[in-house]
Amino acid sequence: MFKQLCALLWFAAPAMASECNMAFGHGVLISPDQIRILINDRTQYQINDDRQLFVQGEPQALDPQAQARLAEFSQGLRKIVPQVVGIAVDSMELGLSAIENMLIGVGNAQQQEEWKALVRETTYQIMSRFVRSGEHFYLAPQSLREMDSFLHGELKENLNKLAKNTVGAVWEALRDALRQTDDNFEKPETEDWQSVETLVSKINMGLDAKAEELEEKSILFCQRLRELNEIENELLKQVPALASYDVVVEKH
C-alpha cells in the first residue's frame, strides 16, 4: 500500500505542476529598494520600500488597510520572483559554463572574441525573459507552464545549437592551425561528432536537473501565486488606480 501511494504521488506531482494556470501578466523588475511593473519595458507603477506607491509617476495616498495590502503584495513578489528567475538563469549558466570551459586556451585572440560574441548573442536572445544582475531580478510576462516549456524545450534547443556551432568553430580553428604545421594532417570527422555529443550530453544533464528542480517547486510556486493573487485582488479594489495592472493572474 505504501509503495502504491508513493507511486501515485510521484506521478501526480508533475501532473499538478503542468496543470497550474498561474502567470505573471506584466513584467516585474525587482531591486533592493523598488519593484517596478512594466508593459513593453515602460514602468506602469512602482513600489518603493514596500510602502510607497507611484502609478504613472504619481504618488498614491493609501489608507492603513491598503498600505498593509501593498506591503504584503510587495513582499510576496520579493520572495517568489527571485526564486523563479534564479532557476532559469542557473540553467542558462550551467550550459554556458560547459561551453566556455571547452574554449579555454583554444584558438587565437580573434577567434576567442568571435566565440565569446556568439555566446553573448545567444545569451541575450534566450535570457531576455529572465535577468539576474546582483540583487536585481527581471521576469517577463509568462506562466509557470510556459517557463516549464522554456526549460524543457527552447533553452535546451538553443544551448545545443550553440554547443554544436561552437564545437564546429573550435575544430575548424584547430584544423587550420594544424594544417599550417603539417600538410598531411587529417582529423577524423567522427571526432567532431563525439566531442559535440559529449558537450551536449553534459549540458542536457544539467538542464534536466534544473527542470526537475522547477517541477519539484512548481506546486509550491503555484500555491504561493494563488495566495498572492488573492492579496493583489484586494489591493486592486482598494486602489482604483491599479485596476488596469493585474500582475498575478490565473489563465483559463
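Each reported figure results from applying straightforward, stated rules to the coordinates on display, with no laboratory input. This is a predicted model, so every value here is computed, not measured. When we count neighbours, we look across all protein chains shown, and the Cβ atoms used for this are built from the backbone with ideal geometry, even at glycine.
Along the Cα-to-Cβ line of HIS136, 7 Å from the Cα, sits a label point; which residues in segment 58-84 have backbone N less than 17 Å from it?
82
Using modelled backbone amide H atoms (1.01 Å from N, in-plane), which distant-in-sequence or interchain residues come within less than 5 Å of SER143's amide H?
Counting only residues 5 or more places away or on other chains, the set is PHE24.
What is the set of long-range amide H partners of TYR45 at a cut-off below 5 Å, with H atoms built 1.01 Å from backbone N?
It is ILE37, GLN56, by chain and number.
Taking loop as defined by DSSP and a crowding limit of 12 other beta carbons within 10 Å, which GluC sites (Glu not before Pro) in segment 51-147 fit?
GLU135
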